[in-house]
Structure formats: C-alpha cells, structure tokens
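Where a number appears in this text, it was derived from the coordinates with a stated rule and is not lab data. Note that this is a predicted model, so its numbers are computed, not measured. Reconstructed Cβ throughout: ideal geometry from the backbone, glycine too, with neighbour counts over all protein chains shown.
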Amino acid sequence: MEEGSTLGYRYRESTPAVEITAKIDPAAHADPTVSTVLRARADEAIDNFKTAMVEPLSVEGDGATRPMTLEVDWVTKFESPYLLSAMANIYEDTGGAHPNAAYDSVLFDRTATPAQVINLIDLFADPLTVEDIRADLCARLLAAKIARTGDDLTFGEPTECPAPEAHAFVLVAGGAAGKAGALQFLFSPYEFGAWAEGTYEITVPASVFAKGLAPRFQEAFGL
C-alpha cells in the first residue's frame with residue numbers, strides 16, 4: 001500500500017511473514033525531485049531486504065513466530081534555499097540474534113534546477129578539505145569510543161580512521177536561523193565496534209572546513 005499526502009509519503013507491506021514500512025517526511029516529500037530520489041533509495045532497500053530473506057518466518061525461543069521486519073524512515077535534517085540534507089534510519093530484523101540498524105543519507109544541491117544529488121567532496125572548492133575533516137572526525141570518533149568502551153580499539157585492533165566520503169552524513173543546523181553549522185557523520189553498529197557499542201554520530205564543526213567551501217555553498221553556512 002502506498003500513500004502520498006501533506007503528511008509525507010508512506011508505504012506498507014504486511015503479511016504474517018513480512019512487515020515492511022517506508023516513510024518520507026513532509027519536507028522532503030514536498031519537493032518532487034527529492035521525493036523521487038528518496039523513494040528510489042527506499043525501494044532499493046526493500047528489494048535488497050527481500051532478496052536477502054531466506055526463511056519466511058523467524059522463530060522465538062518459546063516457539064512463537066515473528067515476521068521479518070524492515071523499516072526505512074527518511075527525515076529532513078537540514079534545509080535551506082541552497083541545500084537539503086536527508087537521512088534514513090533503517091531497522092532490519094531478519095530473525096538473527098538481534099535486529100540491525102543502519103543509516104543512509106542524501107545531500108541535494110538546491111542551487112541547481114532541479115535539485116541535484118551531490119557528494120561530500122562537491123561541497124568544497126579545495127578537495128584537500130576532506131583530509132582536514134578526516135583528521136578531526138578521527139580524533140572525535142576515537143574519543144567517543146574511549147568514553148563508551150574504555151579504549152579506542154575496534155575488535156581488538158587499532159581503529160582505522162574513516163574516510164568521510166565513504167559514510168553517511170548530514171548537515172547540522174548552526175546558531176543562525178537557516179544556516180548549517182556542522183557536518184555529522186553516521187556510523188552503524190559493527191562499523192567501528194561490536195553490536196553492543198551501538199551507533200556513533202560524530203559532529204565536525206564548520207570551523208574545520210569553512211575555508212574550503214565552494215563559493216555557492218558559503219551562504220548556506222552563514223559565511
């Protein structure tokens with residue numbers, strides 16, 4: 001079942017064996033270009049989920065069954081006349097020891113008509129700015145791991161600093177209304193530790209990368 005309205009986009013597929021939902025919030029759904037891209041990403045997640053399913057039902061310890069479950073929830077994290085940043089929280093239960101969580105993200109350049117999907121590196125006039133982001137992100141991630149687990153290891157080995165362009169990220173609002181103030185990078189369970197560590201959401205302030213921003217995006221960050 002599909003629904004589209006001022007409440008956003010909703011998709012639901014429910015059987016005794018499978019429970020699938022996908023949502024796009026009203027802000028993203030209101031822009032046809034953005035909504036089309038996010039619906040395609042949701043459809044891809046659904047197709048991958050169905051392809052990966054092996055057993056039609058998973059079995060609880062008491063013999064009861066629970067449906068295989070997928071939830072894809074797209075939300076707008078930041079929007080301005082220049083940029084729109086959207087993130088998906090993805091929940092998946094395929095009958096294993098525990099459910100899994102994941103992220104997806106898309107950044108749209110609204111200075112183009114229609115809006116265009118862009119990558120992290122497209123924000124910058126100087127590509128080397130991504131290396132500044134990586135250094136700051138690495139330090140903050142290691143500090144977060146130490147605070148959470150007592151060390152900065154990943155599965156007993158030294159943690160390899162993440163490449164920012166290879167991970168989901170969103171823009172974070174700054175102090176000025178309608179302006180972005182940071183990038184936040186999103187790491188799913190298992191990317192940098194055991195499932196029990198959970199997710200990591202690491203914020204890199206604009207002061208780290210502001211000097212390298214492309215001119216057309218400087219206003220989006222209040223520069």
> All other residues with a Cβ under 15 Å from the Cβ of I121 taken together, and with Lys, Arg as +1 and Asp, Glu as -1, what is their net charge?
Replying inline: -4
> So which residue, out of P67, P26, P16, gets the largest mean-square fluctuation from a GNM of the chain using Cα contacts under 10 Å as springs?
Replying inline: P16
> Stretch A176-L223 to full length: gain in nm at 0.36 nm per residue minus the Cα-Cα span?
Replying inline: 15.8 nm
> Which cross-chain or sequence-distant (5 or more) residues have an amide H under 5 Å from the amide H of G181, H modelled 1.01 Å from N in plane?
Replying inline: V172, A173, G174
> With each run of n ≥ 4 DSSP H residues scored as -39500 (n - 2.57), what mean residue ellipticity at 222 nm is computed for the chain after dividing by its residue count and rounding to the nearest 500 deg cm²/dmol?
Replying inline: -7000 deg cm²/dmol
>> List the residues, sorted by chain then number, that are 5 or more residues from A214 or on another chain and whose placed amide H is less than 5 Å from its amide H.
In response: F124, A125
> Using the 10 angstrom Cβ neighbour count as an exposure proxy, how do H29, H98, H167 rank, fewest first?
Replying inline: H98, H167, H29
>> Less than 30 Å apart at the alpha-carbon level, and either on another chain or at least 8 residues along: which lysines does that give for K23?
In response: K50, K77, K179
> Net charge near S207, counting Lys/Arg +1 and Asp/Glu -1 over other residues with Cβ under 12 Å of its Cβ?
Replying inline: -1
> With N residues in the chain, what two-decimal value do you get for its Cα radius of gyration over 2.2 N^0.38 Å?
Replying inline: 1.12
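Pull out the extension gain between A210 and V117, defined as 0.36 nm times the separation in residues minus the alpha carbon to alpha carbon distance; nm, one decimal.
31.4 nm
Can you give the Kirkwood hydrodynamic radius of region 120-221 from its Cα pairs, in Å with one decimal? All intermediate terms of the calculation are to be shown ahead of the outcome.
Working: mean 1/r = 0.0698 Å⁻¹.
This gives a value of 14.3 Å.
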>> Starting from 0.36 nm per residue, how many nanometres of slack lie between A30 and E191 once their C-alpha separation is accounted for?
In response: 54.6 nm
> How long, wide and thick is region 63-144, going by the Cα atoms along their three principal axes, in whole angstroms, largest first?
Replying inline: 58, 37, 16
>> Pick from T203, T94, T36 the residue whose mean-square fluctuation is largest in a GNM of the chain, springs joining Cα atoms under 10 Å.
In response: T36
>> Whole-Hz ³J(HN,Hα) for each residue in region 176-182, computed from phi via Karplus 6.51 cos²θ - 1.76 cosθ + 1.60 with θ = phi - 60°, x for glycine and proline: what do you get?
In response: 8, 4, x, 10, 7, x, 6
> Put +1 on the Cβ of each Lys and Arg and -1 on the Cβ of each Asp and Glu in region 120-221; which of A166, F155, A194 then has its Cα farthest toward the positive end of the dipole?
Replying inline: A166
> For the residues V72, V18, what sequence is obtained by ranking on other C-beta atoms within 10 Å, fewest first?
Replying inline: V18, V72
> Taking the simple approach of a point 7 Å from Cα along Cα-to-Cβ for both T15 and I146, what is their distance in nm?
Replying inline: 5.2
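Mind ordering 77-86, 109-118, 133-142, 212-221 by average Cβ neighbours within 10 Å, highest first?
Numbers: 77-86: 20.5, 109-118: 14.6, 133-142: 18.4, 212-221: 16.9.
Peptide ranking by packing, descending: 77-86, 133-142, 212-221, 109-118.
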>> Cut-off 19 Å, label point 7 angstrom out along Cα-to-Cβ of T159: give me the residues of region 173-209 whose amide nitrogen falls inside.
In response: 183-205
> Across region 23-32, in residue order, what do the Karplus-derived ³J(HN,Hα) couplings come to in whole Hz, using 6.51 cos²θ - 1.76 cosθ + 1.60 with θ = phi - 60° and x for Gly and Pro?
Replying inline: 9, 10, 5, x, 4, 6, 5, 5, 9, x
